[in-house]
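A quick write-up on the structure given underneath.
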Amino acid sequence: MASAFGRPDWDNLWPCYSCCQQFWIPSLGSFGPQCLGIVGHIPLWISVATLVLRYGVGSNPLWYRHRPRWLRKFAAEVEIDDEELPKAKPWTAWAVSIFLLNALAAVVHAGATGAVLWQGQGPSQGQALLYFVPIVPSIISALILAIDRPRTVPGAVFLINAVLVLVELAILAGAPGQTERGWPGMLIRAAGIFLPFASLLVMLNMPMRDPLMSSDGIGKPFSEPTSSVRSPEDLVTLWQWMSVSWMAPLISIGYKRQLHDEDVWFLAYEFQHSRLHLLFRELTGSVFVRLLKANGLDLIITTSLGVMETLTELVEPLLLKQLLGALTSEPSNPRTAVVYAGLTLLVRLARAQSGVLSLWYCRRNYERTRGEMITMIYEKTLRRKAFTFPSSHDSPTLIAGQEEPSGVSTATTLTDNESDTDEDIVPVKPQRSRFTVLKAWFHQGYRKLRPRESKPPATSGPASTGKILNLLRNDVYEVAQRFWEAPSLVTKPLNFVVSIVLIWRILGPASLSGIVILIAGMAFNVFLMRMLLAVERVRRGITDVKLQQTSQFVESIRHLRWYDWQGAWLAQIMESRQAELMKRVTSSIITKCISFVNTLTAFMFPVAGFLAYTVVSGRPLTVDVAFPALELFGMLQNSLRELPDLITVLLNARVAMDRIERFMVEPDKEDIDEEDHQGPPGDLEIVIKDASFSWPGSVRKVLRDVSIKCKPGLTVICGKVGIGKTAMLQAILGELDQHGGEKTIPHEMVGYSAQTAWLESMSIRENILFSTAYDEVRYRQVIDACCLRDDINEFKSKDLTLIGENGVGLSGGQRARVALARAIYSRARILLLDDPIAALDHQTAESIISNMFADKDSPLTAGRLIMFVTHRVDIITKYSYQVLDIVNGGRVKTLNREELDNSEELEQLVADVAVDDDVAAAMATTGQGEGEGEDSAPDTFIEEEHRAHGGVVASVYWQYVKAGKLGWWVSLILSFVLFRLARVTYFWFLKEWGENYDRTPAPSLYGFFHMQDQYPVNPQTVILLRKAESDKNGWIDLGRYLPSPSVDVHPWLFWFFVISLVQVLAQTLSDITLIIIVYKAGKNLFERAMRRVSNATFRFYDVTPIGRLMNRVTSDMGTVDGQIANQLMKVAWYSIGWLSSIMVIATATPLFLVLSIAMTAVFVLIFNRFLPASQSLRRLETVSLSPLMSNFGTLVEGLTTVRAFRAEPHFQRRIIATTDAFQKMDHIYWALQAWLQYRFDLLSALTSFALTLTAIFSGLSGGAVGFVLAAASNLVQYTHNLCRRYGEMQMTFVSVERVIELLDLEQEPNGTHKPPASWPAFGDDIVFDHVTLKYAPTLDPVLMDVSFTIPGGANVAVTGRTGSGKSTLALSLLGTLHPEPATGGTIHIGNVDLAEVDKHALRRNITFVAQDPVLFPGSLRDNLDPLDEHGESERADVLERVLGGSDSGGESHNSFTLDSRIDGGGKNLSQGQRQLIGLGRAILRRSPVVIMDEATASIDADTASYIQRLLQEELKYSTVITIAHKAEAVQDADFEIVLDKGKVVRAGPRGGAGRAGLMGVDQHIRISTY
């Protein structure tokens, strides 16, 4: 009112804070009468606080500048500094619009407030307060806008306006008496809502990124997506980001057609791994600490959002309680019920928006954490020592209880070393109180639960390749997933605690009885958790073994099948798989026991609580108490179900983190941190003085007291097989452990050619360039020097021909020459060449050596320090200035040029080799290019990975259902139906219980049967009573069967207990059934898939990369083991829940049913829009994972070469690019999930609100409304979850689809003819009759119309040019290729057609010795005789004669025993030693037919001569077919086959022995060629 002097009374604008006695009146749904002014002041105080925080403590406060690293943005884009702009900041259209709206709001409300205050009568003080609400906040907002003139969303102004809108709406709903009735007042109130809301709309359409920053390379929102630009989320407005509407173009394309890689945007700026990796490397501390520093801010944001979502979820039961209370009061209060329904809608809308934001930040947390760890592990693999243990019987040093001389630490920063026992226990125990005993008991249980450092078994050591792959596939995911779910560390316990608090508020002290049950259940679960942890540790170890075996199986599948060993290997894998599955079953049983305890306690909690509430406290269980309490019980039940899972996954993550930490602390290669020399090149010399070397982790020294000095020029390294020649080069490269002495090596790139050529799956040119610049002149010089020009010209695409994985499209000699060309082409001043000419014929080898070294001023070798390992000293020594002869004991003998000229020993060696020079030259002239692993294949070797289109077809689901056995699935569905029936009965029973308190006693069956002892029974009365057993809604009226709970509550409690117990048992039954299904399906699919892979056509192995196949049998199979059955179960669960909810709602009112069906239809429409794009993205993601695994496998195989060339940065960049390609699919996929989630959550909130309003105004009783609302809430939840789970199931079933595709692999015909056990006999001829062979129907023939007969028992020499078909001929004898049916050709051994013979019998009787035999991890015994078919003495005899023999009969330098350890692939052996083991297998098997393909190419002359005599003696009753370029390998042949361009030039007996015969072949070739 105006004062006596006509001035306004300003005191009316300040409310009386002390007068507000009750802020909110729940029963009326309104604010207290004296509290409205306080509500109106909320925006004022928030805006003042915002202004003070923004400007009052400075624009850059001290705490902000010095905040810890984990509170800073990580990898964020650098924003434009306003100080760099002109002093007068420009206004933007957005800023002007918001300024004008806020200024207008301030003016309008100031005028209205002044008018009210100047009036002498009329509007009240409360009216003036309401008009005053927006003035100060609007002025402050305008002030902030005038100062900052923002170009992006002004967060402070957004907050102030949002609070204004909410407060105005709250006043409108919670102060109905203050609503203006006249139009001026209504317009002002409308302006109070509309103007700040309009400001919010403008800000929602403002950009989040400064528009002054360059937007080049960023996709524009709603433009056509392409992989050439970054994701539009870097350029979106606030609303586009909040609603994920920027995904619309991709969804539209995905709806119309299959998405491809080029349709998907590149990663957003903050997700790109090139920057993430570099920034992550700069962080210090353990891996876990670094992850926290990099993602700490995201963890805080996601946790805050998670807490808000949890609190909003927990508020809903309280709002439901008030809503039901308003409807059950006398009289009912629909307005109050609508207010609470509106508050529930607001809470759900807030939770929906929070869910989208939380998903974005959680996803960023997860993706960046995973990417950081993948690139970190890859980089560590590039840096760590190559742990390859010696082949002798010495054990690795890195075992438990021994010292670690190499510096390998078995400790980790994340484990404690507490003992299981207390050290300070004394014999006499002091008397302890009961509390102390109880405390100690719990403490002991906790200590036992904690994961602690467990001593590794005696065989533990550095991570194997299989373990590192497991780290990448599983452990990285395990840890990253916990970062995604980090908010649950706070929200789940918070949900648990707050649920109990709220239950206490509703039930009072009666809830204590239920809390006691909860505590008892949790205490029991402590011991189950400890068991689970122990089982999980063991299971992971078994999984490592299975992965290693599977990896070795896939990599060696060709060789295993050549020997018919695949069955035995498969049996080993299946044994490991069975052990893994049993541990999974054990783990699942323990988990389900934990779940059973949790479910039991969760259902017994309400039983105990209601028992105490009704019996002990004597209070009625009314509807407004029962249903909110039950909803809270449901939340508590979910919390109890989730808490053990939370503990389980945390323990698993702890184990995974421990494994990663262990790997990261393994020692690095000594000189890995030393950078290349950047200044002028220093002295080019290698000096080693009195140094000894051993393989990393081994105590056995392979080189002793080495003293050498090498300078520019050629140094030749020679010695016997396995003497240490390769070790010498490895020592120079820093790959061996050094013991004493000095070593001076220039720290620069080294051109290295490994003994086993390592090539990548790319073109010939790319392999030679190896990421260096293309110099055409130098490139052509290298091609000519390595004699590659003719080979390249044979390919259609020349040097751009793709050579396939590990060079599968090249012959062995071609691979060696490409690897040699790579080393020579490099600009390295140092070349280390490890026997690159071993696989070459004499003429080619001599040409290459001459091309390289004959001209001292050659641009390719002049001035370079070259160390050349070879056995062929005869053709290279004349160009060298010194020879390093490695002798027994690992010592090095140096011969300089003068000593070389006068060395009788060397002269004798050269003379011995030169005896065969003429023969070798003749062989070369016949066209023998070099030994071949396989003949040259077509230009494209690797087929693009198949990617299915559309949804997962029903047959895939049916395959999985059949694998789990149909009967068990039926049992699972029945258990679900039982649970849902019990669940609906559960809610209905509570409704009946609550409504029967006030019901007037009526004739009932309960009373009737209690009176029948006193009164005669009238049968008609019984019929009438039974007819009246239903209420108006068609449900049975329990009041007719049970006494009123106000009279006797015990029957109600009993049946409530029974219904609860039925639910527990039904859920437990479904859990047990699911374990059985997972076990049977996993076992069935894995076994079938592996068997199909093991019997696939050999063409499948040619066109399928190992990484792709490994991805399917490991990653996809892991998904089948872990998630598939659970996804199917959830879909079935929610389907049954949806149907039951619809049935319940249909009984209430038809309008409910109409709304429910309409809501479901909208859900389905949105989901159908979403599904096609999500399926495409998921498939693209699984396909893009294969290169990640393939690149890692490639790196491990060629690690030494990569490090020698100093190519680590190139490979690191490649893995970063591969990780980007993989993660972008995952990133966009989850953005699509956010798009769906937001729309589903909005629809769920609006639908629930509509159903609630329908229930309020339908005239149903309070109990019926509670029952129907519970069903409606379930319906919305089930519809939402059913769509989501179905989508997730479709995505997850892509893995099943990929596994099942393996079940459809084309199989190699096994053959129907079972030959006799004596086949083939000694005299059986091998007959080729008009044979034409192709590798695939679409390819050209490799052998054309070939006909010849090999006499039984002959010693056959097979020669011919590169690509002439030599290896194809050999492989045809193994039955891997069959004559083309159109030509009618046949291959016979004896009288048996190889196209019809049983392949197992064929390959058991034929031994194929490849140039690079595959060895397996284990003992030498296991490698010589994998099937354990021979006696120990027989194996030992072969070992002694092959690996321990010498030409002179003297002592051998080798120290092999049958127990000697062999690494996977024989990496701890030289190439010559591997070949000797392959020959040992042939001698041990003594097959009737033996094929040797360059089997002695890497063996020195003395050993090769000895082996030839041994083979003649041991295989004298076998037909021996030899493909070789060395004369000594075929000099005793009595039959020869000469091939040229796929045809037989000559096939017949040798014209004479040795040289004469080959000269005849030479002459014949010359005649036939011209």
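The values are calculated or read from the model by the stated rules, or taken from the named source; none is laboratory data. Everything numeric in this text was worked out from a predicted model, so none of it was measured. Every residue, glycine among them, receives a Cβ derived from its backbone with ideal geometry; neighbour counts consider all protein chains shown. Surface areas here come from the heavy atoms of the whole protein model, side chains and all, with no ligands, DNA or RNA. Shrake-Rupley method; radii C 1.70, N 1.55, O 1.52, S 1.80 Å.
Within region 639-653, count every residue that is touching a residue at least 60 places away in the same chain (Cβ under 8 Å), out of contact with any Lys or Arg (no Cβ under 9 Å at 6 or more places or on another chain) and either open to solvent by 40 Å² or more (accessible area, probe 1.4 Å) or closer than 15 Å to residue 490 by Cα (or both).
3
Is it the case that residue 594 is crowded, with 21+ Cβ neighbours inside 10 Å and not hydroxyl-bearing (Ser, Thr, Tyr)?
In short, yes.
Working carefully through the options 1212, 1223, find the one that is farther than 30 Å from residue 827 by Cβ and open to solvent by less than 30 Å² (accessible area, probe 1.4 Å).
Exactly one residue qualifies, and that residue is 1223.
I'd like the residue in region 1320-1343 that is aromatic (Phe, Trp, Tyr) and open to solvent by 20 Å² or more (accessible area, probe 1.4 Å) and, out of all such residues, is farthest from the chain's Cα centre (by Cα).
This residue is 1322.
Please verify whether residue 330 is in a helix (DSSP H, G or I) and acidic (Asp, Glu), treating the condition exactly as stated.
The answer is no for residue 330.
Of the conditions (1) more than 37 Å from the chain's Cα centre (by Cα); (2) open to solvent by 80 Å² or more (accessible area, probe 1.4 Å), residue 806 clears all except one; give me its number.
For residue 806, the failing item is (1).
Kindly indicate whether residue 969 is touching a residue at least 12 places away in the same chain (Cβ under 8 Å), open to solvent by less than 30 Å² (accessible area, probe 1.4 Å), over 16 Å from residue 1140 (Cβ atoms) and touching a Leu at 6+ places or on another chain (Cβ under 7 Å).
No; evaluated as a whole, the condition is false for this residue.
Given the conditions (1) touching a residue at least 60 places away in the same chain (Cβ under 8 Å); (2) over 24 Å from the mean Cα position of the chain (by Cα); (3) open to solvent by less than 50 Å² (accessible area, probe 1.4 Å); (4) farther than 23 Å from residue 625 by Cβ, report the number of the one that residue 300 does not fulfil.
(3)
Within region 1540-1563, track down each residue that is open to solvent by less than 50 Å² (accessible area, probe 1.4 Å) and modelled with pLDDT under 85.
Applying the first criterion (open to solvent by less than 50 Å² (accessible area, probe 1.4 Å)) to region 1540-1563 yields 1540, 1542, 1544-1545, 1547-1548, 1550, 1552, 1554, 1557-1558, 1560-1562.
Listed by number, the residues that qualify are 1540, 1542, 1550, 1552, 1554, 1557, 1558, 1560, 1561, 1562.
Residue 1420 versus (1) within 39 Å of the chain's Cα centre (by Cα); (2) at pLDDT 85 or above; (3) open to solvent by 30 Å² or more (accessible area, probe 1.4 Å): which is the lone unmet condition?
The number of the failed condition is (3).
Can you give me the number of residues within region 1249-1277 that are open to solvent by less than 20 Å² (accessible area, probe 1.4 Å) and over 23 Å from residue 992 (Cβ atoms)?
Here the count works out to 1.
Filter region 1161-1201 down to the residues that are in a helix (DSSP H, G or I), at pLDDT 85 or above, small (Gly, Ala, Ser) and surrounded by 21 or more Cβ atoms within 10 Å (Cβ to Cβ) and list them by number.
1173, 1174, 1176
Rundown of residues vs (1) assigned to a loop (DSSP other than H, G, I, E, B); (2) under 30 Å from residue 1101 (Cβ atoms), yes/no style:
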residue	(1), (2)
1280	no, no
1283	no, no
1286	no, no
1300	no, yes
1305	yes, yes
1315	yes, yes
1324	yes, yes
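Could you list, in sequence order, the residues of region 78-137 that are open to solvent by 30 Å² or more (accessible area, probe 1.4 Å), more than 58 Å from the chain's Cα centre (by Cα) and modelled with pLDDT of 60 or more?
Result: 107, 108, 110, 111, 115, 118.
Has region 721-729 got at least one residue that is buried (at least 23 other Cβ atoms within 10 Å of the Cβ) and under 34 Å from the mean Cα position of the chain (by Cα)?
no
Look at region 1038-1086 and say how many of its residues are among the basic types (Lys, Arg) and in contact (Cβ under 8 Å) with a residue 60 or more places away in the chain. Talk me through it step by step, then tell me what you get.
First, the residues of region 1038-1086 that are among the basic types (Lys, Arg): 1040, 1080, 1083.
Going one step further and asking which of them are in contact (Cβ under 8 Å) with a residue 60 or more places away in the chain, we end up with 1080, 1083.
Residues that pass the stated criteria total 2.
Given the criteria closer than 27 Å to residue 1102 by Cα, among the aliphatic types (A, V, I, L, M), part of a helix (DSSP H, G or I) and open to solvent by 50 Å² or more (accessible area, probe 1.4 Å), does residue 501 qualify?
no
Checking residue 736 against (1) in contact with a Lys or Arg (Cβ under 8 Å, 6 or more places away or on another chain); (2) open to solvent by less than 10 Å² (accessible area, probe 1.4 Å), which test does it fail?
If we test residue 736 against (1) in contact with a Lys or Arg (Cβ under 8 Å, 6 or more places away or on another chain); (2) open to solvent by less than 10 Å² (accessible area, probe 1.4 Å), just (1) comes out false.
Among the residues of region 1077-1102, write down those that are surrounded by fewer than 19 Cβ atoms within 10 Å (Cβ to Cβ) and β-branched (Val, Ile, Thr).
If the condition is that a residue be surrounded by fewer than 19 Cβ atoms within 10 Å (Cβ to Cβ) and β-branched (Val, Ile, Thr), then 1097 is the only one that fits.
Which one is modelled with the highest pLDDT, of the residues in region 715-733 that are among the hydrophobic types (A, V, I, L, M, F, W, C) and farther than 24 Å from residue 861 by Cβ?
Looking at residues that are among the hydrophobic types (A, V, I, L, M, F, W, C) and farther than 24 Å from residue 861 by Cβ, I get 727.
If you take the residues of region 211-236 that are of a type in the set (Val, Ile, Thr) and open to solvent by 20 Å² or more (accessible area, probe 1.4 Å), which of them is nearest to residue 155 (Cα to Cα)?
Result: 229.
Identify, from the list 1215, 1228, the residue that is over 30 Å from residue 759 (Cβ atoms) and in contact (Cβ under 8 Å) with a residue 12 or more places away in the chain.
Numbers: 1215 fails: over 30 Å from residue 759 (Cβ atoms).
1228 is the lone residue from the list that is over 30 Å from residue 759 (Cβ atoms) and in contact (Cβ under 8 Å) with a residue 12 or more places away in the chain.
If I ask for residues that are among the β-branched types (Val, Ile, Thr) and free of Cβ contacts under 8 Å to residues at least 40 places away in the same chain, which ones from region 1326-1345 would you list?
1338
Failed condition for residue 255, given (1) open to solvent by 10 Å² or more (accessible area, probe 1.4 Å); (2) under 22 Å from residue 630 (Cα atoms); (3) touching a helix residue (DSSP H, G or I) at 6+ places or on another chain (Cβ under 6 Å); (4) not basic (Lys, Arg), with all others met?
Every condition holds for residue 255 apart from (2).
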